[in-house]
Each structure stands twice: as C-alpha cells, then as structure tokens.
1. What size of dipole, in debye to the nearest 20, comes out for region 239-293 about its Cα centre when the only charges are +1 on Lys and Arg C-beta atoms and -1 on Asp and Glu C-beta atoms?
2. Please give the net charge around residue 248, taking every other residue with its beta carbon less than 10 angstrom from that of residue 248, where Lys and Arg add +1 and Asp and Glu add -1.
3. Any chance you could tell me what percent of the C-alpha pair distances in region 4-99 go past 22 Å?
4. What does the charge count around residue 3 come to, taking other residues whose C-beta lies under 9 Å from its C-beta (Lys +1, Arg +1, Asp -1, Glu -1)?
5. For a protection proxy built on the mean count of beta-carbon atoms within 10 angstrom, sort 89-97, 320-328, 293-301 highest first, please.
6. Express the relative contact order of region 239-293 as a whole percentage, based on alpha carbon pairs under 8 Å and six or more residues apart in sequence.
7. Can you tally the net charge around residue 285? Count Lys and Arg as +1, Asp and Glu as -1, for every other residue whose Cβ sits under 14 Å from the Cβ of residue 285.
8. Quick check for me: using +1 on Lys/Arg Cβ and -1 on Asp/Glu Cβ, what's the dipole size of region 1-59 about its Cα centre, in debye to the nearest 20?
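Just so it is clear, none of the values below were taken in a lab; they were calculated from the coordinates. Just so we're clear, the structure is a prediction, and the values are computed from it rather than from any experiment. Counting neighbours? That spans all protein chains shown, and the Cβs are built from the backbone with ideal geometry, glycine included.
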Amino acid sequence: MEEEIAILVQRDGKWDSEQNYNNFIVDGVTLKVSSNLNTILDEMTKILGVYASTDTIEIKYSVKQNYTPMKIYNDRSLRWYLDLKRKSSFTDFPLCITFKEKNYDGILSISNPISSSSNSTHDMQLVERVELTQTLISIDNNYSHDEMEIDEDGIINNRVHKDIKKGQLYMNKEILQDVLNHIAIKENFQFKVKRSSTMSVHGILSLPNFNNSNIFKVRKFYNVHRCGNESRFFSQRHATSKFVGGLITSNVDNPKTIYTLADIQRDISNQYGVDLNYMKAWRAKEKALEILRGKPRDSYGKLPSYLYMVKHTNPGSITRLEKTDDGCFLYAYLALYASIKGWEYCMPVVVNL
C-alpha cells in the first residue's frame, strides 16, 4: 500500500512583514507520496469550497521562522515538499494558503526597460495602449522613484468619472476602462485598444506592485477631435450590457422598486443618447443584479466557510449543509446558540381558532 502523509493546512490568513502567517483557520489533508500538483489543488478545492488553481491561490510553507516562505507551484516543488514532510512530524511545515490578487488580461511583461537611463525603474510592465479616435491618453515609460509618491486620497475609484486630466490616478484598469467608456458615450466618439510593444513609447503604464495595487497614472493627455460623423453619431459599441449594468445598479438595488426594461431603455436614451434594444436592456439588468448580489455559484462556494465561521464565532450554534447524492445543493440549516437558549424562556401560547 502506498504511503500517505498527513499535512496541516492553514488558510484564510495573511503573511506579515516578518514572513509569519497569522489569523488563519486550521484544516488538514492527507496526500499520497506520488501525488502531483493537480491532486493537491483538488484537495484545496474541497477545503476552501471554491475552485482552486495556481492562478487563484498560492501554496507556501515556512522552513524557518522569519525566513522567506517556499512556494509550491509545480510537481517538482511538491515532490520536494513531500520528501521533507516524510521526515517531519504532523505539525511541522504546515501549508499556508492565500488567495492571489485579481490579475487583468492583456498585461505584457517587459524584462528590459525601453529607456536605458539610470533612474528608470526595472520590472516595468506595459499594458494595452489606448488609442482614442477622439482622445489619446499615453503614459511615458521614463519615470523616477520620486514621481511614484502617490496620495491615496487622490486616487479615482468612480466608474462614471466625467473628466480625464494629466496626472490623474485610477484605482485599477477596470475603472479606467469604465471611465473611458463613459466619456466615449457621453461625447459621442469611438476608440479602440492596441497592444503595446517594446518598440512603442506610448501606452498605459501599470504599477501592479506599488503599494500592492494596480494603480494607473495618466502621464500625457491629448484632446484632439479626429472622429468622422459616421463613427460619432451612429452605433455606440462601448455601451455594452456590462457597462450599462454598472450605470443602473442604484435603480435595482431595492427589491421593492419596479424597474422595467422599458425604464432602462428610456433612461439610457435620455441621459446618454444611446438606444438599447430589448435584449441588451435585459442583459444589462442581469449584469446589474450580478454586480449587487454576485454569482450564485460563487455564493454557494462560500457557504461552507460561512457556516464554519458561524460555529466558530457563536459556540453552541448548529449548522448543517445538506447535498444530494450527486453533490448538488439541497438545503442549509442554521440555528444560533442565542436563539436556542432564548427558546427555553419563551412563554407557551395556545391560540383557539
């Protein structure tokens, strides 16, 4: 029979500046010596209640206190860890699980900076170049460390921000794209996105590792009208269902409010001059509800963790998650300990109907 190794798993915690993993929840897993990376990811999926992959989680362990943790990222690193665990006790070298920050598509890493000046920052990342038919935003590749001083109060996180100026800071790429879409619809122009390359000195510069964020800074701004009438006053391709859904979230957040598809079509037409067809209005409403409530699949994935935390923070509470034979959701039961104890003191009442 193949040897199995019991491993301690620590999850839902954070690494501090001294490379210590704190505020975690303890779990456990058993792996065979011949396990590969996919096997351990499947086990992490069962523990976390959400789909786990190398793109969504990081698996690390510490070999020594205050020492840089080692990462499990392929079969070779996993085999090395399992060999280490075979010679250790159950509590030694626990696996520490953290979720990765969301990465955005289209990021192109450049190992050699375009500029050879001494004050250029290495590990530079260029992302999609936004070339507007009416407005061109570009960011130089040369910048000094002094210019990276960012005032957090000045970072824009409003998706319907009405103006773009030189020096503005945007919380992330998604917000910047929404602002561009909003202005394009408002001003009746179109734009298209081109990917940056090492031969280009224009583009949007991402600082993904600055203050652990994905901040974008506008280095240059050109407000030049170059659109023809055909592209400015006919169909507006930037009015996607996702973008429109973000505009109408405040109108659908109250379940008692009746906000019909005709209302969506009327409001978008009056405010932005864009005519939506029935299907796009329907999809926009679905997107708005998804923004407010999230996806049912994601909520279901968090349910085991939620029930666990209820029992952890309210000792004596009773929770149960019931599934069908094929693993589908059947029902969830929750009784807080305070309610259970309070029931003992409820006065019995007999009602004669």
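1. Numbers: 8 positive and 6 negative charges, 27 e Å.
Dipole of region 239-293, to the nearest 20 debye: 120 debye.
2. Spelling it out: positives minus negatives among the neighbours equals -1.
3. Tail of the P(r) past 22 Å holds 19 percent of the pairs.
4. Numbers: positive: 32, 86; negative: 2, 4.
Once all neighbours under 9 Å are counted, the net charge is 0.
5. 89-97, 293-301, 320-328
6. Relative contact order of region 239-293: 55 percent.
7. +1
8. Charge dipole of region 1-59: 120 debye, to the nearest 20.
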